[in-house]
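The values are calculated or read from the model by the stated rules, or taken from the named source; none is laboratory data. Model, not experiment: these values are computed from the prediction. When we count neighbours, we look across all protein chains shown, and the Cβ atoms used for this are built from the backbone with ideal geometry, even at glycine. Accessible surface is based on the protein model in full, side chains and every heavy atom, while ligands, DNA and RNA are left aside. Shrake-Rupley method; radii C 1.70, N 1.55, O 1.52, S 1.80 Å.
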Amino acid sequence: MATLYSTHCRSYSPLTPSPSPSPSSYSSYCSSSSSSSKLGHVAVSSSASKRFLAAKLSVLSQNQNVARMQDGAVATAVTPIENDYSFKKLKSGLLSVPSTDECKDAVGFDINENGSTVSITVVGASGDLAKKKIFPALFALYYEGCLPKHFTVFGYARSKMTDAELRTMVSKTLTCRIDKRENCGEKMEQFLERCFYHSGQYDSQENFAELDKKLKEHEGRKVSNRLFYLSVPPNVFIDAVRCASLSASAGNGWTRVIVEKPFGRDSESSAALTKGLKQYLDEDQIFRIDHYLGKELVENLSVLRFSNLIFEPLWSRQYIRNVQFIFSEDFGTEGRGGYFDNYGIIRDIMQNHLLQILALFAMETPVTLDAEDIRNEKVKVLRSMRPLELENMVIGQYKSHTKGGVTYPAYTDDKTVPKDSLTPTFAAAALFIDNARWDGVPFLMKAGKALHNKKAEIRVQFRHVPGNLYNRNIGTDLDRATNELVIRVQPDEAIYLKINNKVPGLGMKLDRSNLNLHYAARYSKEIPDAYERLLLDAIEGERRLFIRSDELDAAWSLFTPVLKELEEKRIIPEYYPYGSRGPVGAHYLAARYKVRWGDVSVEQ
């Protein structure tokens, strides 16, 4: 079967202007750090359809003519688009990801051959996230030819380290794509040669000024674009952004900052964090990363729904009985109990990962695939949701359990966790969306640690066939009576639809079968890590998979009241054995809405 899209990465475009600029579109301009308290950046568009119009523009250079706006900001002058047909043609092909050659043809020149550079600074470079995810993702992008021609990677942390020591540390975690191993060593060496290190405090403008000096040495006279990845605890976010803003922002290109979760502990702390960041950044410079939004099957949600006629008409209360979002890990908090105890499973998984997937699943059809149109629809979903009440939630905490002669520890056996901790390691909730499409449909979430398996999946259970002619053959078997669409996000990615069919033979015996799209069997290419996709999007200025501040506010407003009630009343969690399916209360919660969790059936 022919593949409908290019397997090449997207081509990097440093300038992505809107096709028809208006005063409102110039919310950001080229500026120097000495003339503004906010990080300098150029106007960008988040729409993939607008990335390849650079041929109609004057290439930005340092002696380019500029226009001064009423507020004193500087906007680059551009040549108007002469032919609107090319833009419409590009817009119609949004579902196809162009290859590098296709991008080159679209703009008339190789957009990697311009006079700009991208400097990527990983703040907190000595931490586990940087070593295990960020540096490997950057190398994978380089290996696939997805990074711009001129780029530099800087590690920044408090640890004392040389460039050579950073490269040694990073090299231990780098891997090559399964299908392209022949030049792996050579590519690694080339990538590591572009990696450098600077030691400094996160709240020191002087240290960031020293970093700025090193960055300028590598950028030369090129237009400098800078991306800062804050792989640090949230209590140092604002200090790091302040210092980067005042001492290390790009002088003549864009500056963007990726912020890792958690984005606060509740509505108040989240709002305070956003307010602090916006003292130095505009909203379109802040990239709040939720790596689950970068996972292949989550990205495929909108494609599955909006480009397949068989699904979109069924995507409503008329045909869907319930939707389940399930996240489980087969290990506890070993090694990070101290961090986890301050947040718990609700803040760590449900309020962000699962709620973001729910919003993507339930949103109305966006006007376009532009980032703002998609995020607008997600916000509408979140604002339509009924406030979560304690009676619609079950919490649990895993306890010690011996299995097969092996004793597994309880959550409170972790030395970094208080012995009297009531922090939930498991939670299940029933949520409702009060709008015309989803009125009355329960959206069930559950997430937990130290469970019987590791998985993340979406399960869509459809209504029973009214007046089913084969009821006598089905009997009371709920599994057989229910069609179910399962989207397995991880591991072993797959999409399968459970249907009823006749077993071959003279009798009338029904069987349950799966129409299965198993990614490993269908596609030989390795699925990119979520961080690769999100880092590439941040470099390109694509915000579709990042969280906007009003999304964050709406998400916290759902969970903050119940979180406060749990903590104020010191609700005791239901204890469940390490390696089990979780608290029994979760099954009673589902049963209240005449639902059975899809992952507990014989045929999952």
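The table below lists the values:
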item: Ile527-Tyr319 pseudo-label distance in nm [points 7 Å out on the Cα-to-Cβ vector]; result: 2.4
item: Built amide H within the under 5 Å cut-off of Val223, gap 5+; result: Ser116, Thr117
item: Using a Förster distance of 22 Å, the FRET efficiency for Phe306-Asn468 (Cβ separation, nearest 0.05); result: 0.15
item: Amide N of the range 423-438 lying under 18 Å from the label point, which is placed 7 angstrom from the Cα of Glu364 along Cα→Cβ; result: 433-438
item: Sites Arg158 and Val503, calculated FRET efficiency, Cβ-Cβ separation with R0 51 Å, nearest 0.05; result: 0.20
item: Gained length - Asn235 relative to Phe331, 0.36 nm times residue gap less alpha-carbon distance; result: 31.8 nm
item: Inter-label distance, nm, simple model (7 Å from Cα along the C-beta direction), Asn183/Ala272; result: 5.2
item: Accessible-area value, Cys195, 1.4 Å probe, nucleic acids and ligands omitted, Å²; result: 0
item: Amide proton proximity set for Gly155, modelled H, under 5 Å, gap of 5+; result: Val122, Phe196, Tyr197, His198
item: Förster-model FRET efficiency, 22 Å R0, Lys594 and Asn514, C-beta, rounded to 0.05; result: 0.40
item: Assigned charges on the beta-carbon of Lys, Arg, Asp, Glu; the range 482-571 dipole about Cα centre (debye); result: 660
item: Value of relative contact order over the range 151-262, rounded to a whole percent, pairs C-alpha under 8 Å and six or more apart; result: 29
item: Estimated vicinal HN-Hα couplings, Hz - the range 272-287 in sequence order (Karplus 6.51, -1.76, 1.60; Gly, Pro = x); result: 5, 5, 4, 4, x, 5, 6, 5, 10, 10, 7, 4, 6, 9, 9, 10
item: For the range 401-421 versus the range 245-262, the gap between their alpha-carbon centres in whole angstrom; result: 42
item: From phi via Karplus (6.51, -1.76, 1.60), per-residue ³J(HN,Hα) for the range 193-205 in Hz, x at Gly/Pro; result: 5, 9, 9, 9, 9, 9, 8, x, 7, 6, 10, 10, 5
item: Ranking by accessible area, most exposed first, for Met161, Met445 with a 1.4 Å probe; result: Met161, Met445
item: Counted charge near Met169, where neighbours are those whose Cβ lies closer than 12 Å (Asp, Glu -1; Lys, Arg +1); result: +1
item: Between the range 311-348 and the range 142-177, the alpha-carbon center distance in angstrom; result: 33
item: Farthest toward positive dipole pole in the range 279-349 [+1 Lys/Arg, -1 Asp/Glu at C-beta], among Ile289, Ile320, Ile345; result: Ile320
item: Listed residues Val503, Val406 arranged by accessible area, highest first, probe 1.4 Å; result: Val406, Val503
item: Solvent accessible area, Å² - Glu391, 1.4 Å probe, full protein context; result: 120
item: Cross-link pairs beyond the 23 Å C-alpha cut-off, checked among Lys415/Lys564; Lys446/Lys509; Lys403/Lys454; Lys399/Lys454; Lys131/Lys564; result: Lys415/Lys564; Lys446/Lys509; Lys131/Lys564
item: Solvent-accessible area of Tyr531 with every protein chain in place, 1.4 Å probe, in Å² to the nearest 10; result: 10
